[in-house]
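The values are calculated or read from the model by the stated rules, or taken from the named source; none is laboratory data. In this text the structure is predicted, and so the values were computed from the model without any measurement. Cβ coordinates were reconstructed from backbone atoms using ideal geometry, including for glycine residues, and neighbour counts include every protein chain displayed. Areas reflect the complete protein model, heavy atoms only, side chains present, ligands, DNA and RNA absent. Shrake-Rupley method; radii C 1.70, N 1.55, O 1.52, S 1.80 Å.
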Amino acid sequence: MSVRTSLSPLLLAAALAWGCTKEEAPPQEDRTLAKLRAEAKRVEQGGTPSGPPVQASDVPVGPNAGLADLATGEGAESQKLPLPEKNDTVHVDSLAVKLTGLLASNSVQGSGKVGLTTEERFLSVHLVTQNVGTAPVSLSLEGARLVDAEGKEHRVARDAQIVGGTRELRRTWELEERTEVVILFELPPAAIGAGMTLVLPASSGDVRLALQ
């Protein structure tokens, strides 16, 4: 796949790099960069740019190139997942919980310019909760776990939760209080699909909610 930008910005970058002293250059200079420097000097002296567009395979790739592309929006994916056909309401003590949405994405965006990016996937689990008991109920959903089809458990992604999820997962629901809760997990793309289950801690034991 060819790089969409023209050769000129690359030549400009090479021209700037040309100003470095010989001592600043790495011991084994990249052959492609050396060619770009020579071309930049030739064009600087009045020559016409020549040669085919630079190929992506010609550009050195760093260890974090994948994350850099995702952070700029290139290659990023966001997918709204279907809810299970049997989407029953479950009860965590006196708190009724129902699944309302699932979103898998490479990034999580918070308020302002704050955001997180991963080469795996952030799974946002959207729930609606309501206290259906006869008194206020205090619960903590911080210990929620996602279990994939292979039985592997994934804990709440703390950083992503702060950026794009419900910050207060430990709280008290007043009588009949109804609120939405978003819990985020980080897991491999292959783990997203049929068999996913959300496990919520309760005083009477774990409560399981099928996600797919």
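Other residues lying with their Cβ under 10 Å from the Cβ of Val108 contribute a combined charge of -2, Lys and Arg counting +1, Asp and Glu -1. Among the GluC sites (Glu not before Pro) in the range 115-172, those located in a DSSP loop and surrounded by at most 14 other Cβ atoms within 10 Å of their own Cβ are Glu142, Glu150, Glu168. Using a simple spin-label model with pseudo-atoms 7 Å out from Cα toward Cβ, Val114 and Thr100 lie 2.2 nm apart.
With protein chains left intact and a 1.4 Å probe, residues in the range 144-190 average 60 Å² of accessible area per residue. The trypsin sites (Lys or Arg not before Pro) of the range 143-212 that meet both conditions, a loop assignment by DSSP and at most 12 other Cβ atoms within 10 Å of the site Cβ, are Lys152, Arg167.
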